[in-house]
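The values are calculated or read from the model by the stated rules, or taken from the named source; none is laboratory data. None of the values given here were measured: they were computed from a predicted structure. Counting neighbours? That spans all protein chains shown, and the Cβs are built from the backbone with ideal geometry, glycine included.
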Amino acid sequence: MSARILIVDDDRLLREVAGTYLSENDYEVDLAESGEEAMDIFEAGKYQVAVIDMVMPGRDGIEVMREMIAADPKLFCILMTGYATVENVCKAVTNSVSDYIIKPFQLSELLETVQKYI
């Protein structure tokens, strides 16, 4: 059985391209366009990795990540950010993020990051 990944990003193109790429690399992928949608489909134990945009309208990535980890402490969370300031990285690390990836990124970088946790 292949690992299951949840991608959460309000950028439709990034979400779909990343999802397709990971699917082509033998992962089961679900997509959500907002933190609210992600929490609607999230179930503890369903995903091995969640790849979450840090800055989204409504619930931000840190808030979504906290809720997911509270429900499923075994979940690995990778935050995506186009705002890689020291403050944001520190905020992510102190909130139990497994890893982060800086936008724009190569799809191969995303795959390598995901593979570290599966």
Would you mind stating whether SER23 is of a type in the set (S, T, N, Q), more than 12 Å from the chain's Cα centre (by Cα), in a loop (DSSP other than H, G, I, E, B) and surrounded by fewer than 23 Cβ atoms within 10 Å (Cβ to Cβ)?
no
Within the stretch 29-56, residues being more than 20 Å from LEU111 (Cβ to Cβ) and at pLDDT 95 or above number 14
Cβ-Cβ under 7 Å pairs, at least 6 apart or on other chains, the stretch 97-118 side of a type in the set (Gly, Ala, Ser), far side not in a loop (DSSP other than H, G, I, E, B)
SER98/PHE76; SER98/CYS77; SER98/ILE78
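Say we look at the stretch 26-58 and pick out the residues that are part of a loop (DSSP other than H, G, I, E, B), more than 15 Å from LEU75 (Cα to Cα) and of a type outside the set (S, T, N, Q); which of these is nearest to the chain's Cα centre (by Cα)? Step through it out loud before you land on a result.
In the first step, residues of the stretch 26-58 are kept if they are part of a loop (DSSP other than H, G, I, E, B); the result is 26-27, 33-34, 42-48, 54-58.
Within this subset, residues satisfying the condition of being more than 15 Å from LEU75 (Cα to Cα) are 26-27, 33-34, 54-58.
Now narrow it down to the ones that are of a type outside the set (S, T, N, Q): 26-27, 33, 54-58.
Working: ASP26: 17, TYR27: 14, GLU33: 11, MET54: 9, VAL55: 12, MET56: 12, PRO57: 16, GLY58: 16 Å.
The residue in question is MET54.
Yes or no: THR85 at pLDDT below 90 and either in contact with a His (Cβ under 9 Å, 6 or more places away or on another chain) or surrounded by 18 or more Cβ atoms within 10 Å (Cβ to Cβ) (or both)?
Values: at pLDDT below 90: yes; either in contact with a His (Cβ under 9 Å, 6 or more places away or on another chain) or surrounded by 18 or more Cβ atoms within 10 Å (Cβ to Cβ) (or both): no.
Judged against the criteria, THR85 is not a match.
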